[in-house]
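Single-structure report; data block below.
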Amino acid sequence: MRASRAIPAGLVLLPLVLSGCSSVKYGSQRIEGGDLSAVKTFCALVAPQDKVPMDPAMREYLTNRVTPAVVEKMKSKGYVQAPEAEADVIVATHALIGVEDVGAIRWNATVAIWDPWGPLVGGFYATSAVGKNASLMIDVGDPKAKKLLWRGWGTGTGELGAGHDPARIRKVVDNVLAGLPNAKAK
């Protein structure tokens, strides 16, 4: 049977977004000689998860809360939003949730369906955000050349429930994208 998570996305997703404190570590790097000098347009999206499926709640959280902050920051750096087929680069957001202390997580069974004989257990979900560690990565890639040009990230743990605060989400996204050069005027 497949494990599932039945926790509301804002409660434990992206604990680093939840914190906004100095425990979050940020970094960035240019990749493959990433030349961003000719880049003017972008399309922001949540990265596809072909090999490792993303939790639907995570995808929804990234789509509805993080991606709008990415679009706002890219525009403030002078880039112009464009449809995916016409954009110079794709700005893809990924998130990973890990565990620093497995013993801190309490697991409960999830009921998938009810049989005439009783519940059929379909998986488990975590009831505690204690010990959660998260990473938010934002990649800038050239879809035509199929090259990753730049990657920024933030990783850390945080307090419960603040992931609904747009100001904190913007702060994390701003810090992750801080190393991305501004668009050059043409």
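From the list Thr93, Thr67, Thr63, the lone residue that is part of a strand (DSSP E or B) and within 20 Å of His164 (Cα to Cα) is Thr93.
Taking the criterion of being under 14 Å from the mean Cα position of the chain (by Cα) and either surrounded by fewer than 18 Cβ atoms within 10 Å (Cβ to Cβ) or at pLDDT 95 or above (or both), the residues of the stretch 60-80 that qualify are Glu60, Thr63, Asn64, Thr67, Pro68, Ala69, Val70, Val71. Within the stretch 23-43, being assigned to a strand (DSSP E or B) and touching a Leu at 6+ places or on another chain (Cβ under 8 Å) holds for Ser28, Arg30. Check whether at least one residue in the stretch 81-88 is at pLDDT below 90, of a type in the set (Asp, Glu), under 21 Å from the mean Cα position of the chain (by Cα) and not in a strand (DSSP E or B), and report yes or no. No: the stretch 81-88 contains no residue that is at pLDDT below 90, of a type in the set (Asp, Glu), under 21 Å from the mean Cα position of the chain (by Cα) and not in a strand (DSSP E or B).
For Thr93, state whether it is at pLDDT 90 or above and either among the β-branched types (Val, Ile, Thr) or under 16 Å from the mean Cα position of the chain (by Cα) (or both). Yes.
The values are calculated or read from the model by the stated rules, or taken from the named source; none is laboratory data. The model shown is predicted, which means the values in this text are computed figures rather than measured ones. Every residue, glycine as well, gets a Cβ built from its backbone with ideal geometry; the counts of neighbours run over all protein chains shown.
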